[in-house]
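One structure below.
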Amino acid sequence: MAKPFASSADLADKKRSFEELADGVWALTAEGDPNVGAIEGEDFLVCFEAMATPVAARGWLSMLREHTDKPVRYLVLSHYHAVRVLGASAFGADVIVAHEKTRELIAERGEQDWASEYGRMPRLFEEPASIPGLTWPTLTFGDRVTIDLGGGRGMLELHHCGRGHTEGDLVAWLPERRVMFAGDLVESRAALYTGDAFHRDWAGGTLDRVAAFGAETLVGGRGEVARGRAAVDAAIAQTRDFLRVMMRETGAVHESGGTLKEAFRRTHRALEPRYGSWPIFEHCLPFNVSRLWDELNGVERPRIWTAERDREVWDQLQD
Ligand SMILES: [Zn+2]
């Protein structure tokens, strides 16, 4: 039987875990669904990631409202992917912060990405008609930006660590509490999506820079919270290993003049024993190998995924 397209058959609700990571720092994880977070300032909140729709985001906000009624001043978006940004209107944030490349990517491919992600992961798009349109960051930066949390709560730093999961990822870092929200640059026991990635940069200097912060608590893009240095290091190492296995296996087929389909099969075989049971593994891998193949062919920037191209690649590689 043919595998169902992407995550289109993943319709069961996930168990959600709301956790306080430090005083006034919260995360919501959900068995491999996209993670979100919030950080309390003196008289405001910073929210991290916006979910796929305003209705989905309101579910998260209602959990948060059991702990604080401070208004959301900043909504921070780790990157442009639809399931992370299209719920933004629910937050009523004064400022929407993202990397400058994220804003450019939304302008360039936000519409197509919305249609693509909706087709791949329909369950995450709770009441899709509630989305008012694309989300536009109102504050962008290139290297880093710092938000003073006030009231002796320290600083929140937003850093760009180089190209990785996309061209414009950021991480949010609380230096006093050594807590990091890493977006999709790090996954914790969840498969990687690399369809818009720069594999070599990500597996090299970008993850080196993420690791150099020395986080003691890390919230990745999906999967459970990594608590303690050993768990943080393990999540970063797993992310790097996933990328390296992909580069080695797909690279070997490319080098020997093989086909994309052969590369997909070989990479799947190599990753499956360790990662096959992790969330979104089967969903992501055809898109991942397709992008890596392009990268090996010298295609500098990821091609735009459309709902149509998604199906073409899926049908070409899955059988
Ligand atoms: Zn993403």
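The values are calculated or read from the model by the stated rules, or taken from the named source; none is laboratory data. All values derive from a computational prediction rather than experimental measurement. Cβ sites come from the backbone with ideal geometry, for glycine too, and all protein chains shown count toward neighbours.
In segment 70-88, the residues that are part of a loop (DSSP other than H, G, I, E, B) reach residues that are among the basic types (Lys, Arg) and within 16 Å of the ligand (Cβ to nearest atom) with C-beta atoms within less than 8 angstrom, at least six apart or across chains, in these pairs: LEU77/ARG84; SER78/ARG84; TYR80/ARG109.
Tell me the residue from ALA197, ALA203 that is under 30 Å from GLU312 (Cα atoms), touching a residue at least 40 places away in the same chain (Cβ under 8 Å) and within 16 Å of the ligand (Cβ to nearest atom), please.
On the way: ALA203 fails: within 16 Å of the ligand (Cβ to nearest atom).
Within the list ALA197, ALA203, the selection yields ALA197.
Conditions tested, residue by residue: (1) within 18 Å of GLU167 (Cα to Cα); (2) buried (at least 17 other Cβ atoms within 10 Å of the Cβ).
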residue: VAL97; (1), (2): yes, yes
residue: THR102; (1), (2): yes, yes
residue: GLU108; (1), (2): yes, no
residue: ALA115; (1), (2): no, no
residue: LEU124; (1), (2): no, yes
residue: PRO128; (1), (2): no, no
residue: LEU134; (1), (2): no, no
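Just one residue in the set SER78, SER89 is in contact with a helix residue (DSSP H, G or I) (Cβ under 8 Å, 6 or more places away or on another chain), surrounded by fewer than 22 Cβ atoms within 10 Å (Cβ to Cβ), of a type in the set (S, T, N, Q) and at pLDDT 95 or above; that residue is SER89. Scanning segment 135-147 for residues being touching a residue at least 40 places away in the same chain (Cβ under 8 Å) and out of contact with any Asp or Glu (no Cβ under 7 Å at 6 or more places or on another chain) gives a total of 7. Scanning segment 233-261 for residues that are more than 14 Å from ASP184 (Cα to Cα) and crowded, with 17+ Cβ neighbours inside 10 Å yields MET246, MET247, GLU249, THR250, GLY251, VAL253, HIS254, LEU260.
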